[in-house]
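Only one structure is covered here, and it is reproduced in the block below.
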Amino acid sequence: MAHHHQQSAAAVIGLGSYLPPHRITNDDLATRLETSDEWITSRTGIRARHWAPPGTSTSDLAVEAGHRALKSAGLYPEPGAVDAVVLATTTPDHPCPATAPEVAARLQLGTAAAYDIAGVCSGFLYALATASAQIIAGQAERILVIGAETYSTILNPTDRTTSVIFGDGAGAVVLSATRDPEQPGVLLGVDLGADGSQADLIRIPAGGSRQRANPDDPELGDPYFTMQGKKVFAAAVTRMQHSAISLLDRIGWTTDQVDHLVGHQANIRILKTLARHLDIPEDRAVINIDQVGNTSAASIPLALADATASGRLTAGSRVLLTAFGGGLTWGSVALTWPDGLTVG
Ligand code: UT7
């Protein structure tokens, strides 16, 4: 609301998450796909994921997580509670309009600005980057940043290569302006990148302006999510590693000063390889992919929520977020963990 706080910093003051109740185990999937708990666990580290029931959409999950984050920040959902709602998602309720305005309205947030970010699995970090930049520029005092996905609605139910990987869920943080750059919770730096020459590695081929969706004939318009896993794996490790190192160099942290590495939960093997390449001990990598699968834009806030709820993230600890996804896109954010934050 106030627009005169130039030179402020953005700090995390609230955190919330939501998983739809329906939990799908690997064995559940093996009853209808040619796969096994052994293959999924050993190749990905995933043991279960949550899928929203039919009729539940991304905004439904986003509203739950957003509500919890506001509560965690000590804010009542009412007009003026935040100046903007930024929603990172690959699975908007509709191709048009953006989903964030509906989420803001259902959260009773008045006429706060609201927009979506389409960065696939890097979307939440792109959203943190734009939201914190708005705060630092004095355009907003407080912003609700949400990552929410219902991948279950875009998975081809007959494709075992994607169906076993992705899960639904939502996570959210509240960012607030502060004049104190030393305040625990402050975002200390951002690194973002993209390489659209490899856009075809992760794609929903149809349903956009290039090709209309035709569910009756996938050749004419495949409306489902596709991924070339092996190529994505290799690029993911390299891009996250370089992004993280370039950010750490810029803010003056060495890798052994990183207390918690919170990487996009795409594959446990990617997370472990990344930690090794960064020379960060494996036990500093936050891992919750075993319980939630790959939740794309919701992945990082869900991992933060789990690590906070379990008492792992403590006030002042140094946290490095890093993600990689379709686009291709990638990014990293460094912050210290806020004091006394309870996850909503
Ligand atoms: O979130 C955005 C970023 N995404 C990522 O970072 C994902 C990165 N990629 C990966 O995590 C991995 O590539 C996957 C987990 C997706 C796949 O693991 P992989 O070790 O690369 O397996 P693959 O695709 O090379 O497949 C190996 C074999 C194939 O059989 P053949 O050709 O060797 O006979 C697949 O057909 O495993 C087969 N396979 C399966 N078998 C049982 C593929 N999916 C399954 C399955 N169950 N669900």
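Here are a few things to note about the model shown:
- Estimated distance in nm for a label pair at Asp216 and Asp28, the labels positioned 7 Å out from Cα along Cα-to-Cβ: 3.2 nm
- In the chain, a dipole from Cβ-located charges (positive for Lys and Arg, negative for Asp and Glu) runs towards its positive end, and of Ile280, Ile165, Leu201 it is Ile280 whose Cα lies farthest in that direction.
- Net length gained if the chain between His242 and Asp37 were fully extended (0.36 nm per residue, minus Cα distance): 70.5 nm
- By DSSP, the beta bridges lying fully in region 187-336 are antiparallel in about 75 percent of cases.
- Counting protein heavy atoms only, the chain has 51 percent of its accessible area on carbon and sulfur, 1.4 angstrom probe.
- Percentage of interatomic Cα-Cα distances in region 187-336 larger than 22 Å: 43 percent
- 0 to 90° range, to nearest 10: angle between helix 299-309 axis and the chain longest Cα axis: 60 degrees
- Computed log₁₀ I(q)/I(0) - Debye formula, equal Cα scatterers, no solvent, region 9-178, q 0.08, 0.12, 0.13, 0.19 Å⁻¹: -0.26, -0.55, -0.63, -1.10
- Within the chain, helix-based [θ] at 222 nm, where runs of 4 or more DSSP H residues each add -39,500 (n - 2.57), nearest 500: -9000 deg cm²/dmol
- Pairs of alpha carbons in the chain whose separation is greater than 38 Å (percent): 10 percent
- Once you reduce region 19-94 and region 138-207 to the center of their Cα atoms, the two points are 12 Å from each other.
- Rg/Rh (Cα only; Kirkwood hydrodynamic radius) as it applies to region 201-241: 1.17
- Fraction of beta bridges assigned by DSSP in the chain that are antiparallel (%, nearest 5): 70 percent
- Rolling a 1.4 Å probe across the protein heavy atoms gives the chain an accessible surface of 42 Å² per residue.
- Degrees separating the helix 229-251 axis from the principal Cα axis of the chain, which is the longest one: 10 degrees
The values are calculated or read from the model by the stated rules, or taken from the named source; none is laboratory data. Remember, predicted model here, so these are calculated numbers, not experimental data. Every residue, glycine as well, gets a Cβ built from its backbone with ideal geometry; the counts of neighbours run over all protein chains shown. With ligands, DNA and RNA removed, areas are computed over all heavy atoms of the protein, side chains included. Shrake-Rupley method; radii C 1.70, N 1.55, O 1.52, S 1.80 Å.
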